[in-house]
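Colleague: One structure, pasted below without further comment.
The values are calculated or read from the model by the stated rules, or taken from the named source; none is laboratory data. These numbers were taken from a predicted model, which means no experiment stands behind them. Cβ coordinates were reconstructed from backbone atoms using ideal geometry, including for glycine residues, and neighbour counts include every protein chain displayed. Calculation scope for accessible area: heavy atoms of the full protein, side chains included, ligands and nucleic acids excluded. Shrake-Rupley method; radii C 1.70, N 1.55, O 1.52, S 1.80 Å.
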Amino acid sequence: MSSAERAPRILCAGIIVLDEVFRVTEFPEPDGKVQAKGFFVVNGGCAANAAVAIARLGGRAALAGPMGGPPGEDENGDRVLRALARENVDCSACQRVDGLATALSAIFMNERGDRTIVTYRDERIAAATPADPDRIVTDADAVLADNRYPDFVRPICEAARRRNLPVVLDGDRPTVEDDPLFRIASHVVFSWECLRETTGVADLAEGLLRIASRTDAFLAVSNGPDDIVYLDRGRARCVPVFKIDAVDTLGAGDAFHGGFALAIAEGRSEVEAMRFGAAVAGIKCTRIGGSAGAPTRAEVEAFMAARQADSLGGQAGPDQAAPSPQRVG
């Protein structure tokens with residue numbers, strides 16, 4: 001995208017969390033204790049992380065989600081919104097719920113970049129609905145929603161589709177195969193954990209095919225350090241990800257979804273968008289700091305250019321059929 005072009009405005013809708021991250025050598029055993037080697041606090045939640053990634057990539061990011069309130073009484077929410085403002089994320093559609101606290105996560109991350117997450121959220125926040133979904137999507141060029149707060153995001157996704165906007169759904173929370181959000185979205189990109197728990201099928205390609213019988217949306221599933229699997233006219237294919245030395249995977253999936261949604265809004269094909277999202281997530285994994293490790297557009301473009309020869313050499317191309325169940329699973 002040239003500097004002369006108008007940057008797409010991506011509305012991210014869903015969960016917003018304050019993350020407290022403990023860096024440990026190894027996770028504690030039951031009834032055990034470990035000494036943290038580092039500690040930091042950062043914005044979290046699928047929607048909020050994706051919004052930060054989009055803003056750093058040069059998109060115009062907006063965020064809509066239920067939070068605790070009111071301002072001045074919910075310190076978690078106040079802290080999150082101040083940090084998002086510094087990232088140039090428009091939070092005018094964030095909805096404060098008086099008397100409640102914004103969700104909080106305690107995250108333990110070991111030296112290999114693996115993580116264990118414990119999240120507390122008041123279920124009354126999860127029951128919140130948007131006050132005016134049509135107004136929220138008025139200026140959007142695309143919507144990226146996670147399914148952590150389905151009662152909040154569904155009206156927003158429906159309003160976006162009435163305007164014929166792309167709606168990318170981050171399939172992060174296990175649900176049911178006939179979830180209405182799958183039919184509303186134009187694109188659904190699952191995490192491998194969500195797809196397996198939702199369908200009860202270990203093979204990712206087969207899981208996508210089960211969901212495909214219930215929606216016309218573009219379907220794909222990320223698989224950590226392994227290939228992204230997607231459906232192309234009923235056939236499972238793969239997009240290889242970039243090989244990196246991961247030090248922090250926190251927020252990597254959200255960074256992927258942010259990059260994917262922005263690329264779709266810019267008019268790229270789904271395969272190009274997945275490759276771009278994979279680069280965004282790959283760079284993020286090489287940096288400690290959760291969403292604070294999201295890269296800039298220039299960093300992503302340089303990263304992809306430097307690895308173009310490798311991706312065309314020893315790795316499978318995006319037109320290759322999905323690998324065997326052993327490799328995908």
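Colleague: Condition test on ASP139, is it part of a loop (DSSP other than H, G, I, E, B) and either modelled with pLDDT of 95 or more or surrounded by fewer than 18 Cβ atoms within 10 Å (Cβ to Cβ) (or both)?
Modeller: Taking the combined requirement at face value, the residue satisfies it.
Colleague: For segment 261-288, name all the residues that are part of a helix (DSSP H, G or I) and among the small types (Gly, Ala, Ser).
Modeller: Scanning segment 261-288 gives ALA261, ALA263, ALA265, ALA273, GLY277, ALA278, ALA279, ALA281, GLY282.
Colleague: Considering every residue within segment 176-188, establish whether at least one is crowded, with 24+ Cβ neighbours inside 10 Å, out of contact with any helix residue (DSSP H, G or I) (no Cβ under 8 Å at 6 or more places or on another chain) and assigned to a helix (DSSP H, G or I).
Modeller: No, segment 176-188 contains no residue that is crowded, with 24+ Cβ neighbours inside 10 Å, out of contact with any helix residue (DSSP H, G or I) (no Cβ under 8 Å at 6 or more places or on another chain) and assigned to a helix (DSSP H, G or I).
Colleague: Looking at segment 268-280, can you tell me whether even one residue there is surrounded by fewer than 24 Cβ atoms within 10 Å (Cβ to Cβ) and farther than 21 Å from LEU144 by Cα?
Modeller: So far as segment 268-280 goes, no, none of its residues is surrounded by fewer than 24 Cβ atoms within 10 Å (Cβ to Cβ) and farther than 21 Å from LEU144 by Cα.
Colleague: While we're on this one: Could you list, in sequence order, the residues of segment 45-77 that are more than 19 Å from ILE264 (Cα to Cα), open to solvent by 30 Å² or more (accessible area, probe 1.4 Å) and of a type in the set (D, E, K, R)?
Modeller: Matches in segment 45-77: GLU73, GLU75.
Colleague: Sticking with this structure for a sec: Look at segment 78-102 and say how many of its residues are over 20 Å from the mean Cα position of the chain (by Cα) and open to solvent by less than 20 Å² (accessible area, probe 1.4 Å).
Modeller: Qualifying residue count for the region: 1.
Colleague: Consider SER213 carefully, then state whether it is of a type in the set (Ser, Thr, Tyr) and surrounded by 16 or more Cβ atoms within 10 Å (Cβ to Cβ).
Modeller: Taking the combined requirement at face value, the residue does not satisfy it.
Colleague: Turning to a different aspect of this structure: Are any residues in segment 254-297 modelled with pLDDT under 95 and of a type outside the set (Val, Ile, Thr), and if so, which ones?
Modeller: Within segment 254-297, CYS285, ARG287, GLY289, GLY290, SER291, ALA292, GLY293 qualify.
Colleague: If I ask for residues that are in a helix (DSSP H, G or I), in contact with a Leu (Cβ under 9 Å, 6 or more places away or on another chain) and surrounded by fewer than 21 Cβ atoms within 10 Å (Cβ to Cβ), which ones from segment 142-175 would you list?
Modeller: Within segment 142-175, PRO150, ARG154 meet the criteria.
Colleague: Still on this structure, I have one more. Counting just the residues of segment 233-254 that are out of contact with any Pro (no Cβ under 9 Å at 6 or more places or on another chain) and either at positive phi or free of Cβ contacts under 8 Å to residues at least 60 places away in the same chain (or both), which one comes out surrounded by the fewest Cβ atoms within 10 Å (Cβ to Cβ)?
Modeller: The residue in question is ARG233.
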